[in-house]
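Rule-based calculations on the coordinates, nothing more; no lab input. Computed from a prediction, not measured in an experiment: that's the story for all the values here. Here the Cβ positions follow ideal geometry from the backbone for every residue, glycine too, while neighbour counts run over all protein chains shown.
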Protein chains: 2
Amino acid sequence: MNENDTVIYLVDDDQSVLEALGSLVRSIGLKVACFSSAYEFFDAVSTRARGCLILDVRMPEMSGLDVQKKLSELGDELPIIFISGHGDIPMAVKAIKAGAVDFLTKPFREEELLSAIRTALQIDIEASENLNEIEDIKTHYATLSFREKQVLPFILKGLLNKQTAVELGISEATVKVHRHNLMKKMSVNTLPDLVRITQRLDLPSHKI
Amino acid sequence: MNENDTVIYLVDDDQSVLEALGSLVRSIGLKVACFSSAYEFFDAVSTRARGCLILDVRMPEMSGLDVQKKLSELGDELPIIFISGHGDIPMAVKAIKAGAVDFLTKPFREEELLSAIRTALQIDIEASENLNEIEDIKTHYATLSFREKQVLPFILKGLLNKQTAVELGISEATVKVHRHNLMKKMSVNTLPDLVRITQRLDLPSHKI
DNA sequence: TATTTAAATAAACTAAGGTTTAGTTTTTGT
DNA sequence: ACAAAAACTAAACCTTAGTTTATTTAAATA
């Protein structure tokens, strides 16, 4: 499965709903993957799938809300649109609070679903871009040596190289070299840039 | 009205509901302010009120969702708990999407409301603290002179003082003085601190 | 095992930043 | 209109940062 592919995942235990929604979504030129149960969906789809998930709330064995919870636990941020035939308000509230894009009640107009899909795909694109940027930064951070990782938080706190040198029991010249090398490895040219990109990481130093 | 006061604002056109909820909330030691209509509420309450708002969705003239929208337009972030007798799912979804803390359906258990209130007050405290911090930063920023405001974005971009001097057609020495003075006025000691606090402002330079 | 590669160290030198002092202009308040 | 305060300017001096080069040590690889 191509990771860059945008797919609308449909999960509903009612085959006729699956087919109807499937052709609706295909009619606007989007790729569709249909599943009759949550298990089928989890078996077939990698956690890095991109697109969005249209989910029936009431299904045997594993409900839509259960799927939402499990996806969240897997760290997947695939946007979810719920559809329900006999849902109630507490269910809808729980779903939206947990980050669902929408919660549609049957019968709904086609345009309602299509609008929700557009919103979901937009959210997915932005989340995906954000995640990629953070992954990039993490990749750079991972190339830092032990000393460079040690020096970084002192820089971010605004300590002078001289002060950092005392903290680590090494010479100021050495701190300067570590600083220089870590800037290169993080691929930033300026201190403000270093501050900004490291804020998108959750370094131990941020917790202090 | 004391701005630091935490008050639970109750708005419901049903007087008996108002009294029942009022005494429930009072019973756990919280201050209550009751209103029979949205207009009464808006007339009596300043936009800087702190606490939370318990709002009936269905009311004559101005509905709960209208109140939510108007509060939001006023820039007020007072957390809202909706209660409804005859609400539907789309209504609940709309409310939660717009940031409501909860959407309770009558009849609800007392503990449900109290739990929602605790959540709402916690959210309010955090939003309030955040807002105060941003206000502080804005206050500091407002004391900057024209030149200091001009120099700031160049610092944040990581330009050398020499480069900033060329950009502004002044000497490097002057840039250094402006830089020194703006650091003092923003009450930060280090460049990383300056970067971090100014990120909480929406300066024009951030948009470029 | 020998060889290479990466990491840590630090001195020397160059460039930039920070601070102080001071002169000039502009604004503000009496 | 005058005095005081604030803003803008800039030079001089000192401190800190950045860069280059080099040595030592440790780890990975042929």
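If you take the charge dipole of the protein assembly as shown about its Cα centre, with +1 on Lys and Arg Cβ and -1 on Asp and Glu Cβ, which of B:Gly29, B:Gln15, B:Val57 is farthest toward its positive end?
Most positive-ward Cα: B:Gly29.
Give the share of C-alpha pairs in each 10 angstrom bin for the protein assembly as shown, from 0 to the last occupied bin, in whole percents, shortest bins first.
Histogramming the protein assembly as shown at 10 Å steps yields 4, 17, 20, 21, 21, 13, 4, 0 percent.
Which distances, shortest first and in nm, link B:Gln122 to the matching position in the other copies, using label points set 7 Å out along Cα to C-beta?
Relative to the other copies, B:Gln122 has label-point distances of 3.1 nm.
Determine, for each peptide in A:92-102, B:50-60, B:105-115, the mean count of other beta carbons within 10 angstrom over its residues, then list the peptides with the highest first. If you can, show how the numbers build up before the last one.
Values: A:92-102: 20.4, B:50-60: 22.1, B:105-115: 13.0.
Ranked from most to least packed, the peptides come out as B:50-60, A:92-102, B:105-115.
Mind computing the radius of gyration and Dmax over the alpha-carbon atoms of the stretch B:143-207? Å is fine for both.
11.0, 30
When 1/r is averaged over all different Cα pairs and the result inverted, which Kirkwood radius in Å belongs to the stretch B:78-182? Numbers along the way, then the final one.
Values: mean 1/r = 0.0559 Å⁻¹.
Here the Kirkwood hydrodynamic radius works out to 17.9 Å.
Starting from a label point 7 Å past Cα on the Cβ side, list the distances from B:Arg58 to the same position in the other copies, nm, shortest first.
2.2
Viscosity 0.692 mPa s, temperature 37 °C: give me the Stokes-Einstein translational D for chain B in µm²/s, with Rh taken as the Kirkwood radius over C-alpha pairs. Before the final figure, lay out the partial values.
Working: Rh = 19.9 Å.
It diffuses with D of about 165 µm²/s by this estimate.
Quick one: what are the phi-derived ³J(HN,Hα) couplings along the stretch A:100-110, Karplus 6.51/-1.76/1.60 with θ = phi - 60°, whole Hz, x for glycine and proline?
4, 6, 7, 9, 9, 9, 6, x, 10, 6, 3
State, to one decimal in nm and shortest first, how far the label point of A:Ala142 sits from each corresponding label point in the other identical copies (label point: 7 angstrom along Cα-to-Cβ).
Ordered by distance, the counterparts are at 4.8 nm.
Quick one: putting +1 on the C-beta of Lys and Arg, -1 on the C-beta of Asp and Glu, what dipole do you get for the stretch A:143-207 around its Cα centre, in Debye to the nearest 20? If you can, show how the numbers build up before the last one.
Working: 11 positive and 5 negative charges, 18 e Å.
I would put it at about 80 debye.
So what are the ³J(HN,Hα) numbers for the stretch B:76-92, from phi and the Karplus equation (6.51, -1.76, 1.60; θ = phi - 60°), rounded to whole Hz, Gly and Pro as x?
8, 10, 3, x, 10, 10, 8, 10, 9, x, 10, x, 10, 4, x, 4, 4
What's the FRET efficiency of A:Thr119 with B:Ala127 using the Cβ-Cβ distance as r and R₀ = 22 Å, to the nearest 0.05?
Numbers: r = 25 Å, r/R0 = 1.13.
Plugging the Cβ-Cβ distance into 1/(1 + (r/R0)^6) gives 0.30.
Give the residue from B:His140, A:Phe41, B:Ala95 lying farthest towards the positive end of the charge dipole for the protein assembly as shown; charges sit on Cβ (+1 for Lys and Arg, -1 for Asp and Glu) and the dipole is referred to the Cα centre.
It is B:His140.
Roughly speaking, what is the stretch gain from A:Thr143 to A:Ala20, that is 0.36 nm per residue apart minus the C-alpha to C-alpha distance, in nm to one decimal? Numbers along the way, then the final one.
On the way: separation 123, 0.36 × 123 = 44.28 nm, distance 4.99 nm.
Using 0.36 nm per residue and subtracting the Cα-Cα distance, I get 39.3 nm.
Using the Cα centre of the stretch A:156-208 as origin and beta-carbon charges of +1 (Lys, Arg) and -1 (Asp, Glu), tell me which of A:Ile170, A:Leu191, A:Gly158 is placed farthest towards the positive end of the dipole.
A:Leu191
Within straight cross-link reach of B:Lys149, meaning Cα distance under 25 Å, which lysines are found once same-chain residues fewer than 8 apart are removed?
Within the straight-line cut-off, B:Lys149 pairs with A:Lys157, B:Lys138, B:Lys157, B:Lys162, B:Lys176, B:Lys184, B:Lys185, B:Lys207.
Would you grab the residues whose amide H sits under 5 Å from the one on B:Val7? Only those 5+ places off in sequence or on another chain, please, with H modelled 1.01 Å from N.
It is B:Arg50, B:Gly51, B:Cys52, by chain and number.
What is the gain in length, in nm to one decimal, between B:Asp13 and B:Asp136 on full extension, counting 0.36 nm per residue of separation less the C-alpha to C-alpha distance?
Working: separation 123, 0.36 × 123 = 44.28 nm, distance 3.91 nm.
The span from B:Asp13 to B:Asp136 would gain 40.4 nm if fully extended.
Only Lys, Arg, Asp and Glu count, each charged at its Cβ (+1, +1, -1, -1), so figure out the dipole size of the protein assembly as shown about its Cα centre, rounded to 20 debye. Please list the in-between numbers first.
Details: 48 positive and 60 negative charges, 547 e Å.
Dipole of the protein assembly as shown, to the nearest 20 debye: 2620 debye.
So how strong a dipole does chain B carry about its Cα centre when Lys and Arg Cβ are +1 and Asp and Glu Cβ are -1, to the nearest 20 debye? Could you put the intermediate results ahead of the total?
Working: 24 positive and 30 negative charges, 296 e Å.
Value, rounded to 20: 1420 debye.
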